[in-house]
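Here's the structure, in structure tokens; my notes come after.
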Ligand SMILES: [Zn+2]
């Protein structure tokens, strides 16, 4: 009997080992074999042209935009890109947003929509090495607010179009450029209005390309190449108000067992101790399918056998807040209010919880989770409608024309990177265009070290001159190849 059990265990072990080996062996590369293109010669002075755009504080904040800065920048745009403004069908939307239509020779092909935004977040100039609106080119970098988010896309797109027009290029597929002016607030007046215009026209796009993810250096342990992450989905966002309203207050010298503040704190504590369940699914699952085969044998084996290793992988990833955000709907209690005096029992306490929703879940399912976990009818859960909220996006496909064109073009410019689809944990203007295309990608191919990510919306935002020139090359090649 003992021998039989031993044989059985041995057999099970061998079967498992064979299965793991087989899965690892079959886990083949999804990278495309691409010949690098000969470098499009571009003058370094293009960096100075872009730096001029960073001198305009086109800030959007709350319900406010710096209209004077936008007006002055409009003059610069027309001066710097005369062909684009003359030869393309150009239109302003709500004064500061812009659409450029470049009709293709084949009207049967769905057009491509390339989007960016022209507004920036405010900057506290004291802490910056170079002034946030100085538009300085120094030490191989272009410095200023908007260098990474997101004036670079608008300028590189227009430079590439201007160059193609100079070359006499005519696209087969119509090319649309659309630049919003309030992405950093709601996007409603910019991208929202542009999308409404396209909807009225009954337009459908082959694909949409927006900002979102970048080429990240040192992205993963076990992978020495930078990863070009193309966002194929984006998390939803909402804020929930938690409200405890009691009928009676009273003096703090005769307190009941719980006050409104205590009830609310206990509820928040329960929410934090019962996070949403993690999962490796959708866009994140695609990410591992693309990066896994490029990693060292150990990591490749772990990722190829997620049926066996998923909980190990998750427990490793969730230690890092950035990776954790890819695995689950996250909550962050951010604001608390309650009480008027230290010796008066509060009748009301409120909190705000910021939620980032994983594709597959909804604003409603988040509320259900909150109510189930808190399990306290005294805590009301109310969606904060005073600021914008969105369900997660759909997931765009990877085995289609749009994704493959972006992947191929990226590799033609950056042959040494690994391309992988991924999930955007922030939000972009592209959410306004969901009804206009099934394939929406969020990617700007500039190479950034992980440690530099804090410069976006932070201090010393800057872009390497070489990256900027490569971005122009990327769009130039993408538009040239877009008819295929
Ligand atoms: Zn942005």
task = Give the residue, chosen from 268, 237, 243, that is within 16 Å of the ligand (Cβ to nearest atom), farther than 22 Å from residue 91 by Cβ and touching a strand residue (DSSP E or B) at 6+ places or on another chain (Cβ under 9 Å).
result = 237
query = Out of the residues in the range 454-470 that are without any contact (Cβ under 8 Å) to a residue 40 or more places away in the chain and within 16 Å of the ligand (Cβ to nearest atom), which is surrounded by the fewest Cβ atoms within 10 Å (Cβ to Cβ)?
reply = 454
task = Would you check if residue 183 is assigned to a loop (DSSP other than H, G, I, E, B) and within 14 Å of the ligand (Cβ to nearest atom)?
result = yes
query = Has the range 439-451 got any residue that is out of contact with any helix residue (DSSP H, G or I) (no Cβ under 7 Å at 6 or more places or on another chain), assigned to a loop (DSSP other than H, G, I, E, B) and either within 15 Å of the ligand (Cβ to nearest atom) or at pLDDT below 95 (or both)?
reply = no
request  = Filter the range 184-218 down to residues that are farther than 21 Å from residue 443 by Cβ and within 17 Å of the chain's Cα centre (by Cα), then give me how many there are.
outcome  = 2
task = Kindly provide the set of residues from the range 195-215 that are over 14 Å from residue 428 (Cβ atoms) and either buried (at least 21 other Cβ atoms within 10 Å of the Cβ) or within 16 Å of the ligand (Cβ to nearest atom) (or both), ordered by number.
result = 198, 205, 207, 215
message = Being in contact with a strand residue (DSSP E or B) (Cβ under 7 Å, 6 or more places away or on another chain) and part of a helix (DSSP H, G or I) is the filter here; which residues of the range 452-469 pass it?
response = 455, 465, 467, 468
task = Name the residue, out of 106, 139, 89, 44, that is at positive phi and over 27 Å from the mean Cα position of the chain (by Cα).
result = 139
query = Looking only at the range 222-239, which residues are part of a loop (DSSP other than H, G, I, E, B) and touching a residue at least 24 places away in the same chain (Cβ under 8 Å)?
reply = 222, 223, 225, 226, 235
task = Go through the range 416-435 and give me each residue that's surrounded by fewer than 20 Cβ atoms within 10 Å (Cβ to Cβ) and over 21 Å from residue 286 (Cα atoms).
result = 435
remark   = For residue 242, the lone unmet condition from (1) part of a helix (DSSP H, G or I); (2) surrounded by 21 or more Cβ atoms within 10 Å (Cβ to Cβ); (3) modelled with pLDDT of 95 or more is (1)
key: residue 433 being touching a helix residue (DSSP H, G or I) at 6+ places or on another chain (Cβ under 7 Å), modelled with pLDDT of 95 or more and outside any helix (DSSP H, G or I)   = no
remark   = The correct count of residues that are touching a residue at least 24 places away in the same chain (Cβ under 8 Å) and either under 30 Å from residue 437 (Cβ atoms) or surrounded by 24 or more Cβ atoms within 10 Å (Cβ to Cβ) (or both) in the range 108-131 is 13
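The values are calculated or read from the model by the stated rules, or taken from the named source; none is laboratory data. What you see is a predicted model, and the numbers here were worked out from it, not measured in a lab. We place every Cβ from the backbone using ideal geometry, glycine too, and count neighbours over all the protein chains shown.
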